[in-house]
Amino acid sequence: MQRKIKLLIVEDEPAIRTGLTDVFVYHGYDVEATGDGKAGLQKALSGQFDLILLDVMLPGMNGFEICDEIRKRDREQPVIMLTAKTRDEDIIQGLKLGADDYVAKPFSVAQLVLRVEAVLRRSRVGLEFASHIRLPGGIEIDTQNLSGLRDGEALTFTRREMDVLQYLAANSSRPVPREELLARIWGYARHLDIETRTVDIHIAKLRRKIEADPKAPEHLVTVRGAGYRLLTEA
């Protein structure tokens, strides 16, 4: 018998917590849920869960703090943040801490299920790409160790940031549309009209790391009307 996918829901609003639990149990998941931040962190660090749904506003410890602690222990653990905060600054903070995606409240339960499935699908499929990426100007990126070097400065990347870099590097001869990145990196079906700025935010984060001037990128460029292109060293 196939093992059920284990899901942890950390959400302090009882009605939402119960509703999400019922939905994911209905979809065949093995679900645990808690409304307390500290209890959520303890469960999350047990390593028992295939994915964690993490609210931002929690008693005892907020979702940003929990995500940060998870990433200190496990850089691969899939995490989706649930947040009523929709400002770019809040979204960027969650993704910067290593969340795989965010879903703003109020959300469509059907869309949340799709996003969970997409993150799980992506987390199970490793991309077979080069172990190193070289960019003009002597920038070296070690894809396996999620690290790099620019002007003598050490760089670190999240798994999702590296996935984006690897895919762009493998397709460096052309601009890659954001819809293609959503489909190939995050696993979203191309025909779904899903509103998310995840790609744009990840591109901005990568530019802050690999570009001398993120506002005038020379390596990770935007091709108007076509997508993003990574200019690698020949």
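Summary table below
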quantity: Candidates 30, 74 - the one that is modelled with pLDDT under 95 and either outside the structural domain of residue 110 (by TED's automatic domain parsing) or within 16 Å of the chain's Cα centre (by Cα) (or both); calculated: 74
quantity: Sole residue being farther than 30 Å from residue 143 by Cα and either in a helix (DSSP H, G or I) or out of contact with any helix residue (DSSP H, G or I) (no Cβ under 8 Å at 6 or more places or on another chain) (or both), chosen from 33, 110; calculated: 110
quantity: Condition check for residue 129: aromatic (Phe, Trp, Tyr), at pLDDT below 90 and within 20 Å of the chain's Cα centre (by Cα); calculated: yes
quantity: Tally, over the stretch 132-149, of residues that are within 23 Å of the chain's Cα centre (by Cα) and in a loop (DSSP other than H, G, I, E, B); calculated: 4
quantity: Hey, residue 31 more than 19 Å from residue 56 (Cβ to Cβ), aliphatic (A, V, I, L, M) and in contact (Cβ under 8 Å) with a residue 24 or more places away in the chain or not; calculated: yes
quantity: Long-range neighbours under 9 Å by Cβ, at least six apart or interchain, first residue in the same structural domain as residue 211 (by TED's automatic domain parsing) and aliphatic (A, V, I, L, M) within the stretch 128-149, second surrounded by fewer than 12 Cβ atoms within 10 Å (Cβ to Cβ) and not in a strand (DSSP E or B); calculated: 139/151; 149/138
quantity: Residues located in the stretch 209-221, provided they are over 17 Å from residue 166 (Cα atoms) and under 21 Å from the mean Cα position of the chain (by Cα); calculated: 214
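The values are calculated or read from the model by the stated rules, or taken from the named source; none is laboratory data. From a predicted model like this one, the values you see are computed outputs, not experimental measurements. In this analysis, Cβ positions are derived from the backbone assuming ideal geometry, glycine residues included, and neighbour counts consider all displayed protein chains.
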